[in-house]
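What follows is calculated from the coordinates using simple rules that are stated; it is not laboratory data. Small disclaimer: the values here were computed from a predicted structure and weren't measured. Ideal geometry is used to build each Cβ from the backbone, glycine not excepted, and the neighbour counts take in all protein chains shown.
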């Protein structure tokens, strides 16, 4: 199995769409963390798709696309936390983070999608490793994640878009807080 992980850029828009075709991805267009709830509710799918296209055409890629043997296999969103508006309005995160909310050097790995036929191959871990590398290269001091803990409560694959705690722990992230028994806020310091 050959795995390649590449930036989600405008020329890979169709691949990003294919990566997001599992679970809630097609409807969400990975815009959930970017829009406040009221705006999310009134934004139709076509507009969310255009928002994603605009991001992919932008200066900094909002995520990465995984390919397995040339086939689109998964997606991860990574970028400055301050650009992900809903994170900064989510009480369980705001109340748990040890980092200033306006810190531009705190990045978030906030959304994973692995297509059904590619699950069970360790792609989430590979996507996380690649996301951490992108954050480091982008100047991040700290990377946060907001995973679920499947040992506490069973979740559907749709609910696992935040990632799962064991993958983050294996990548060296520390648990900062447990805002709910089945949720954690994790952090990895890249530099002081």
What percent do you get for the relative contact order of segment 3-189 when only Cα pairs under 8 Å and 6+ apart count?
21
Beyond 23 Å, what percent of the Cα pairs of segment 59-154 remain?
30
So, for the Cα atoms of segment 111-192, Rg and Dmax in Å stand at 12.7, 40
Under the 7 Å Cα-to-Cβ spin-label approximation, residue 169 and residue 101 lie apart by a distance in nanometres of 3.0
Between segment 89-114 and segment 124-192, the alpha-carbon center distance in angstrom:
10
Expected sort for 155, 18, 116 with the fewest Cβ neighbours (10 Å cutoff) up front is 116, 155, 18
How large is log10 of I(q)/I(0) for the chain at q = 0.10, 0.16 Å⁻¹ when the intensity is taken from the Debye formula with one equal scatterer per alpha-carbon?
-0.36, -1.00
Counting each DSSP H run of 4 or more residues in the chain as -39500 (n - 2.57), what helix-only mean residue ellipticity at 222 nm follows after dividing by all residues, to the nearest 500 deg cm²/dmol?
-7500 deg cm²/dmol
FRET efficiency (residue 157, residue 11; Cβ distance; R0 22 Å; to 0.05) is 0.15
